[in-house]
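Heads up, the thing below is written out as structure tokens.
The values are calculated or read from the model by the stated rules, or taken from the named source; none is laboratory data. What you are looking at is a predicted structure, and each value in this text was computed from that prediction instead of being measured. Because the Cβ atoms are built from the backbone with ideal geometry, glycine has one as well, and the counts that use them run over all protein chains shown. To get the accessible areas, we keep the full protein, side chains included, count just its heavy atoms, and leave off ligands, DNA and RNA. Shrake-Rupley method; radii C 1.70, N 1.55, O 1.52, S 1.80 Å.
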Amino acid sequence: MVSHFEVGTKCWQPDEHEGWVQAEVTSKTVDGGNVTLELTLENGTTNNVTIPETDFEEENSPSLPPLCNPPILEANEDLTNLSYLNEPAVMHAILMRYQQLSIYTYSGIVLIATNPFQRVDSLYSADIIQMYSGKRRGELEPHLFAIAEDAYRCMIRDHKNQTIVVSGESGAGKTVSAKFIMRYFATVEDVDKPRSRKAGKTDSLSRTEEQILATNPIMEAFGNAKTTRNDNSSRFGKYIEIQFDSNPDIVGAKIRTYLLERSRLVFQPATERNYHIFYQLCAGATDAEREALGLLPAEEFQYMNQGGDSVIPNVDDSEEFQLTRNALATIGINSETQQKIFQILAALLHIGNINITAGRNDSNLSSTEPSLVRACDLLGIDSFSFAKFITKKQIITRSEKIVTNLNYKQAVVVRDSVSKFIYSSLFDWLVAIINRSLAPVEIEKSVKSFIGVLDIYGFEHFQKNSFEQFCINYANEKLQQEFNQHVFKLEQDEYVREQIEWTFIEFSDNQPCIDLIEARIGILSLLDEEARLPSGTDESWIQKLYTNFDVEKHKTYFKKPRFGKTAFTVHHYAMDVTYDSEGFIEKNRDSVPDEHLEILMASKNDFLTAMLKISLEGSKAEQPPQSAAKPGQRPGTASNRKPTLGGIFKGSLIELMNTINSTNVHYIRCIKPNEAKEAWKFEGPMVLNQLRACGVLETIRISCEGFPTRWTFEEFVNRYYMLVNSAYWEKPIQYMADAILSKAITQPNRYQLGKTKIFFRAGMLAYLENLRSQRLNECAVLLQKNLKKVYFRNKYLEIRRSIITSQAAIRGYLARRMVEKIRLSVAATKIQTTWRAYSARKSFLDTRQAIIKTQSVLRGYLLRKSLLEGQQLRAAVTIQSTFRGYIARKSYHDYVRKVVIVQSLHRRRQARRELAALKVEARSINHFKEVSYRLENKVVELTQTLATRTQENKKLLQQIDHMEQQLSSWQQKHDELQGYVKELENEAETVSDHMKHANELEVKLENMNEKCSQAIAKLQNQEQESENIRKSLSAKTAELGDALEVAKKEKEDSELSLNEEIKKLKDEIQHLASRGPANGYGNGVSQSNGTANGAVSIQGSKTGRPLQRHSVDTPLKDTESGFLTPKNFNPRPASLASAPTVSPGYFGTFGDSQKAQFGLPVNVDNEIEGILDKLEDIQLEVVRGLVQTLIIPQPSGQNPMTANELLFPAHIINLVASEMWRLGFVKESELLLALAMQTIQEQVMSYEGEEIIMPGTFWLSNVHEMLSFVCLAELNIVENEQLTSMDPVEFQEYERLVGMVKHDLENLEFNIYHTWMKELKKILYKMIIPAVIESQSLPGFVTNEGSRFLSKVLGTSGPSYTMDDLLNFLNRIYKAMKVYYLEEEVVRQVVMELLKLVGVTAFNDLLSRRNFLSWKRGLQISYNITRIEEWCKSNDVPEGTLKLEHLMQATKLLQLKKSTVNDIEIIYDICWTLTASQIQKLISQYQVADYEAPISSEILKVIAKKAIVADQDVLLLEQVPLDDSGPFEIALPRQMTVLETYMPGWLQVPNLRRLTELTANNSRN
């Protein structure tokens, strides 16, 4: 051990204020048998410690300064993993974690919870609950929920009841911890076995779970109060059994309470308060309740004003009162019963205000005292009797009753005892009602197991300790004994399980202290004996204690104070506590006088009597069993003794211990870090005292006796593999671990090899860490040496190369300068020669150039002079010739004009003469005969043509005859209608409009008849004229040759006129028929031109179909005829499919040849109706052929398919619906569409996993196509002219049909999207963590949290999914949406929702993974995010990266420098999206690499301070629910102009195929 205290070793020194402070050994001096250590403290002061050298050889010698742990272990989450397990190391580890805002720390099986004195709701959100669900203890950070989950898993796995013991002193946070544990059990959802919920309540709590959570505000209101140590201190202990059935689901709960602090009702120390419920009642009661209960301000009630300030900061008693009321209602206490409870509470407050006057030896109380009268009225008792026995005492002897007076103090005690008894009874009644509500008899039968939560007071030691502290410490003694035995058992069991050699570990047993208290002749038994004596006093009881226990046998655990005779000291496991005996006897009796009990039981308040009965029955049940009365013994002496409070508490404590011992126990120790309740303040000495009191240090001591440090073989090898040669790295893992230990540790007794773990003695881990540091330093030095060698050699070679290069450059420079000089000399000579030649040549050329210039100037002058003279001569000649030509042309033009005038005058005269002669000739008879002869010759040639025209005229006459017959038939029907109208006229005045309409029709019909007669007469006249012409032409055939064209034109004109008249007549007949009010038979439909590619035009007809379906070739019966009355007239909605031009009723009497003549389809509608009549066949083909057995097209990227080829199911269904609407199959269409939608939904929901990607997208697009068709149909129908003739009822009915189908299709589209997205999220959720967080794609930065080489040794594989898998999955979804023509907004919604799931899930997981928070992991995750960003940009969704912002900034944080405070400020600026709590979490859990400087404690404090100041509760992002598709907005309807009739050839739907063909052909015609 001497080697452990070398210079530089860090150890601990005691400190008065901090408890312990760190010190460093700066020098060590060995003088004889003593070793002097010079220790330098953190504040710079030095301290010399002299220790005998022999003490260094002893293990855990108390004279040696406790050693500090290595930095890597200082803030370890499990104290048992510390290398040096000592008090300062434990306190420092808790302090370090507390400063990092980590309030939970493991200590073996114990969870230490340090109260932050601040709300940290981010630690208890629903996301945190789900994060711990299903996780084993140790996988995540220490947490309250980890203990709760461990208990839950043990219950399921071992089928054994569990208990969670939550202990600690007042203000340590026990109540809050127990509350959150209950919330965890009520809200956690098991992924493997989800709890059964009621229909429609999958996202909410069950009724039982709500009631369990509702018990918290009730018990806090009636059992908690403000104390000097805690604003919400529980003044009772409770054990809550949360009961589960076999599923396991929470089915009920039970509450057991222990030792309610009754004295608080009548007395509160300074700065403390009474129970919360009284202040809530005074603050939250309504005005009516205040008046009825006589409530006053809290300061005016004696029971509420003793502590001073009655207000708790940041607590609204009025709001809390409303919460209490709601909680009472939740557990089944109605408002009437609540009023009765408040009545009892108000009565207690008035009892406290009863004014008792003091006399010399007695006391007085008037029965008319106001507070007394008010209290008695509320309780329903007699005020006189109540006041009488407040001031008097009745003693019953064998022969008489003796009434004695009580003095003032005694009267006040009686008054207060009645109040305490009533409040205690009310509290017991509440507990009984809660148990009855949460665990009825029928629930008890289904309970298979339970988890108990024990929220009990911790060890208490005050300046003055009374009966309550004695009972509390007695309970803690029992719990500590059970805890020690449990820890010891677990320790030995693990040694046996790992098969290591071990010796028996001794631990302090507090059984003698327990015997001192609860033995047959113990403190409690003597207290009960004295309390049952009428003359028993505290003084006589304390003398009995001195007599029995102030002896040698009990001197260790019982001590008599040196001064005073009213106190005694008990040596508890935590510390010695001195108790003042004053009030012990009275508090133990805790009884109400029999006279008052009789008065209360005779109350007129039924609620009060029922409450007292339940309380008394409960007290008898809790009373310890008494021995039966012996023969001859007076009843009431032993068997009928009243139970004492100590006896009741002892019995309930024994029952509690039996329950705990029969369950598997989990421990939570709550620590109060400071006395002032200041947020995030840590007082070392106070924490140490609590660690001793709660048994944590005892647990550590037991662990230190054996092998406190335990590592698995994998963890050990992963940490210390560098201590052996790399040749061992290929060996088996246990062999390699043994080799490391054999080389590193020379003392075999310092460790033990188990089956799965390695067990180390205390300090061995620090020793191994030191060896590891040395080895890493050696490796670093070796690397540095070789790197420096390479560096300096490269530097030498570079200098050598530089020198050689410099020399070559200099030599080259000198050579070049010499060559340059020679070149300059040669150049100068050459320049001189050239210059001289240049000068001579220049002089010669200048002379020659001057002569030539002179000659050229002279010759130019002469030539220009000659040219000028010639130009002047040519100009004069040109002017002369031009003038002469002008004179000649002018004279010629004058001559020609005169000649023309003369000729025109002569010709005009001759033309006039010829015109006069022609006029005379034209009037002559001979000329007319000549013309007639020519026309007769031409008419002969037209004889055959005229015969043909005559035949056609005959046919037209036949058709006119037919029309005349039909007109007469219509006239007859019109007469019948007119008669019917007259009858209706007499029935009601509302049909007057119809009469007017009928008169108008009559007038129109007469006009039509007149026009028809005129047309017939005209036709006859034309025929007569034609006959006359024929006779004339036969006589004058030779003369009509020239008149052929004229006759032809006249014939054409006559035929054209006739055709126009006939067409006009037909139109008028059709128009008249369509305007008939009662005629539903002959409604026509508009013409629709055929479209290309077999498409059907989407243009609705302007008229409706008949109400009844019939064949167009079959005449209707009278009951089915088109002459329907206004009552049964129901025009059908407009069809969206194409139809013929004229109505089927008009051509109903035509034959096939006549239909073909007019271009009509022959029996098309008949065949379509025949197909639609087979409704079951149509439904079967739609359900099976188009949905269930449909082979979904799988388009490829190379050969994309058109929308017609992919959306044909929707097109076919739309086409069938359109034809049904056109032909009157409205009800049948509603049934067909409903069946189709239901089948599509069932088909989509039948897919699971990745197989839903293509079908889900396919049907989502098809359903939207159907919805677009219905929206367009609705729009077309609203704009249709026919609907203007519908009455409001008919229009509303049809509007309801279309609206219902539209609504159902919208719901279907949402359901398909919801189902599809749920499956996609489930698949993607499994990929996110392995692909984004765990996968590593960057070579050179690969880390393995298990081991860098362990994957090769153990044969472990990588993550189950990679980024390629995730991106391929996203690509499949994106391509499926594109190829199936989903709208862009839908594609964007899907991508954004999936990326949000990726970002939130990955970020939350990263926050909870401590071993992944390193810069290398940050680099790998950042690379993975970059790949997602590239995917978003390549698919035109760049905004998708916003969903990954938190994750991106978290990876940046991991890669940024964290050495100084400035670095931290830079991190806050860069990571602006992250909250202060998230940044603190990431940095505090950051894994420092071996070559990185650790983050200093000062930086961690700065970060924690920022998180505290920011007070941001957002730690985890809100989880994206997997069972919800997220926001979804249905896209706008698609633009549709035609109904496509494409149908694949392989589709086996004969009826639908034939219907499609008929509709397409009908459209073309």
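The range 556-596 and the range 1415-1450 have Cα centres lying 69 Å from one another.
Could you work out what % of the accessible surface of the range 339-412 is carbon and sulfur, using a 1.4 angstrom probe and leaving DNA, RNA and ligands out of the count?
Details: 1800 of 3860 Å².
C and S fraction of accessible area: 47 percent.
Can you give me the orientation-averaged projected area of the convex hull built on the Cα atoms of the range 837-907, in nm²? Mean shadow area of the hull around the Cα atoms is 9.0 nm².
Let me know the whole percent of all Cα-Cα pairs from the range 338-453 that are separated by more than 20 Å.
Details: 3666 of 6670 pairs.
Beyond 20 Å sits 55 percent of the P(r) for the range 338-453.
For residue 535 and residue 158, a Förster radius of 60 Å and the Cβ-Cβ distance give a FRET efficiency of 0.65, rounded to the nearest 0.05. Annotation for residue 674 and residue 973: the two label points, set 7 Å from Cα along the Cα-Cβ direction, are 10.2 nm apart. Listed cross-link partners 1321/1375; 789/1416; 478/672; 731/755; 393/613 are compared with a 20 Å cut-off, the Cα-Cα value being larger for 789/1416; 478/672; 393/613. Among the GluC sites (Glu not before Pro) in the range 1-54, those placed in a DSSP loop whose Cβ has at most 15 other Cβ atoms within 10 Å are 6, 16, 42. Remark: the residue 361-residue 1561 segment gains 419.8 nm on full extension, using 0.36 nm per residue and subtracting the alpha carbon distance.
How much net charge surrounds residue 1441 when only other residues with a Cβ under 14 Å from its Cβ are counted (Lys, Arg +1; Asp, Glu -1)? Don't jump to the answer; show the numbers that get you there.
Details: positive: 1388, 1396, 1427, 1433, 1443, 1452; negative: 1429, 1430, 1436, 1439, 1445.
With Lys, Arg at +1 and Asp, Glu at -1, the neighbours total +1.
Report the Stokes-Einstein translational diffusion coefficient (µm² s⁻¹, integer) for the range 365-424, Rh taken as the Kirkwood radius over Cα pairs, at 37 °C with viscosity 0.692 mPa s.
Working: Rh = 12.4 Å.
Value of D from the Cα-based Kirkwood radius: 264 µm²/s.
The alpha-carbon atoms of the range 1408-1496 define a convex hull whose volume equals 94 cubic angstrom per residue.
With both labels modelled 7 Å from their Cα along Cα-to-Cβ, the residue 56 to residue 1529 distance reads 7.9 nm.
When ligands, DNA and RNA are left out and all protein chains stay put, how many square angstrom of accessible area per residue does the range 66-198 have with a 1.4 Å probe? Kindly include the intermediate steps, with their values, before the conclusion.
Details: 4270 Å² over 133 residues.
Per residue, the range 66-198 has an accessible area of 32 Å².
Per residue, the solvent-accessible area of the range 334-426 (1.4 Å probe, heavy atoms of protein chains only, all protein chains present) comes to 48 Å². In the range 208-282, the portion of solvent-accessible area held by carbon and sulfur atoms comes to 47 percent [1.4 Å probe, whole percent, DNA, RNA and ligands not counted].
Tally up the carbon and sulfur contribution to the accessible surface of the range 648-742 as a whole percent, 1.4 Å probe, everything protein left in place.
Details: 1650 of 3380 Å².
Reported share for carbon and sulfur atoms: 49 percent.
Ratio of Rg to Rh for the range 1447-1565: 1.53 [Cα atoms; Kirkwood radius as inverse mean 1/r over pairs]. Mean separation of Cα pairs under 8 Å and 6 or more residues apart, divided by the residue count, gives the range 38-125 a relative contact order of 17 percent. Within the range 360-447, the trypsin sites (Lys or Arg not before Pro) that combine a DSSP coil assignment with at most 10 other C-beta atoms in a 10 angstrom radius are 360, 398. In this calculation the C-beta distance from residue 806 to residue 1242 is compared with R0 = 60 Å, giving a FRET efficiency of 0.10.
Between their Cα atoms, which of 179/464; 420/587; 560/650; 1396/1501; 681/1505 are more than 21 Å away from each other? The partial results should precede the final answer.
On the way: 179/464 31 Å; 420/587 11 Å; 560/650 24 Å; 1396/1501 33 Å; 681/1505 11 Å.
The answer is 179/464; 560/650; 1396/1501.
Among the GluC sites (Glu not before Pro) in the range 1474-1565, those located in a DSSP loop and surrounded by at most 14 other Cβ atoms within 10 Å of their own Cβ are 1492, 1518, 1529.
The length gained by stretching the chain between residue 267 and residue 1489 to full extension, at 0.36 nm per residue less their Cα-Cα distance, is 434.0 nm.
Each label was represented as a point 7 Å from its Cα along the Cα-to-Cβ direction; for residue 119 and residue 1342 these points are 4.9 nm apart.
Identify the residues of the range 1527-1565 with backbone N under 19 Å of a label point that sits 7 angstrom from the Cα of residue 1184 along the Cα-to-Cβ direction, or state none. Answer for this model: 1544-1555.
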